[in-house]
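The values are calculated or read from the model by the stated rules, or taken from the named source; none is laboratory data. These numbers come from a predicted model, not from an experiment. The area values use the complete protein model at the heavy-atom level, side chains included, leaving out ligands, DNA and RNA. Shrake-Rupley method; radii C 1.70, N 1.55, O 1.52, S 1.80 Å.
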Amino acid sequence: MLLALDRVAAGYGETPVLFEVSFEIAAGEAVALVGRNGMGKSTTMRAILGLCPPTSGAVTFAGRPLAGLAPFRIARLGVGWVPEGRLIFPTLTVRENLTATAANHGGLARPWTVPEIFDLFPRLRERALASGDQLSGGEAQMLAIGRALMLGPQLILLDEATEGLAPVIRDEIWQCIGRLRERGQAVLIVDKHLVALARVAERAVVIEKGRTVWTGSTAVLAGDREIHDRYLSV
Ligand SMILES: Nc1ncnc2c1ncn2[C@@H]1O[C@H](COP(=O)(O)OP(=O)(O)O)[C@@H](O)[C@H]1O
Ligand SMILES: [Mg+2]
């Protein structure tokens with residue numbers, strides 16, 4: 001297994017948020033993490049990254065327990081993150097955003113290059129010299145994903161990948177995630193669009209009030225009214 005969470009509990013200060021989160025991601029696998037708002041999806045990502053260190057349970061990455069490691073150490077093992085809100089450097093150009101922090105943390109045999117990121121998102125190639133603050137929401141999200149890839153992640157965590165984007169831009173992001181999958185990139189993805197998730201991820205994990213309550217095929221989840229109503233409808 002590339003990533004394994006075993007009964008992870010975590011929270012913010014005195015406030016517990018995760019109680020028992022358990023799931024695994026194999027090398028090259030894409031897994032969707034779904035659940036209603038406030039159930040602990042982003043916190044699960046922060047627990048993996050060491051930003052909300054688990055208070056009990058264990059996170060293991062590439063065979064290595066992550067307990068006690070600082071977030072930058074975990075990142076340097078090859079865990080990439082695209083947080084909600086597409087944080088990019090506003091005063092750097094698109095190309096500079098991609099190269100400023102580039103590294104091969106995950107020790108990839110074939111690390112990503114700027115031309116490959118531009119092949120993934122042709123729109124970014126056209127905008128190579130634009131500064132970060134001139135980009136549309138969709139372009140900024142593409143750049144945020146591209147920059148995370150330039151850090152050589154073995155696993156990339158995508159939080160609310162298409163949140164707040166117009167449908168046509170969302171489709172572009174989904175197509176790109178599909179191409180990432182073809183390249184064998186392991187992904188943990190949080191998003192609300194189940195049908196689109198089912199196209200890029202085979203397996204889904206449902207989280208409710210800080211507990212993983214269901215895991216199975218995304219196709220089943222996208223088509224099963226009862227599971228949907230129980231865990232996802234608002
Ligand atoms: N920085 C924080 N401090 C305290 N509580 C937080 C913080 N961030 C999130 N929470 C709480 O943790 C719970 C889970 O939040 P989150 O993981 O962001 O959920 P999701 O991503 O599934 O919408 C929510 O009740 C939220 O209010
Ligand atoms: Mg969230």
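What are the ³J(HN,Hα) couplings of the range 100-111, residue after residue, when phi is run through the Karplus curve with 6.51, -1.76, 1.60 and θ = phi - 60°? Round to Hz, x for glycine and proline.
Computed from phi, the couplings for the range 100-111 are 4, 10, 4, 6, 10, 4, x, x, 5, 5, 10, x Hz.
What residues have an amide H closer than 5 Å to that of Gly35, excluding those fewer than 5 places away on the same chain, when H is modeled at 1.01 Å from N in the peptide plane?
Amide H to amide H, under 5 Å and 5 or more residues apart or across chains, Gly35 pairs with Ile207.
To the nearest Å, what is the center-to-center distance of the range 8-53 and the range 65-134, using C-alpha atoms only?
Result: 22 Å between the Cα centres.
Take the Cα atoms of the range 112-234, find their three principal axes, and give me the spread along each one in whole Å, biggest first.
For the range 112-234, the Cα extents along the three principal axes come out at 49, 28, 24 Å.
Size of the chain along its principal axes in angstrom, Cα-based, largest extent first?
Principal axes ranked by extent give 45, 40, 33 Å for the Cα atoms.
Any idea of the accessible area per residue across the range 3-231, 1.4 Å probe, to the nearest Å²?
For the range 3-231, the solvent-accessible area averages 45 Å² per residue.
Which of rounded, prolate or oblate describes the range 152-210 when judged by the alpha-carbon gyration tensor and an a/c cut-off of 1.5?
The shape class here is oblate.
Mean projection of the alpha-carbon convex hull of the range 82-142 over all orientations, in nm²?
Computing the convex hull of the Cα atoms and averaging its projections yields 4.2 nm².
Per the 1.4 Å probe, what fraction of the accessible area of the range 3-231, in percent, lies on carbon and sulfur atoms?
After summing per-atom areas, the C and S share lands at 53 percent.
Mind running the shape call on the range 44-83? Use the C-alpha gyration tensor, a ≥ b ≥ c as the square roots of the eigenvalues: rounded below 1.5 for a/c, prolate if a/b tops b/c, oblate otherwise.
Oblate, because a/c is 1.5 or more while a/b does not exceed b/c.
Under Stokes-Einstein, with the Kirkwood radius over Cα pairs standing in for Rh, what whole-number D in µm²/s applies to the range 71-177 at 4 °C and 1.567 mPa s?
Estimated via Stokes-Einstein, D reaches 95 µm²/s.
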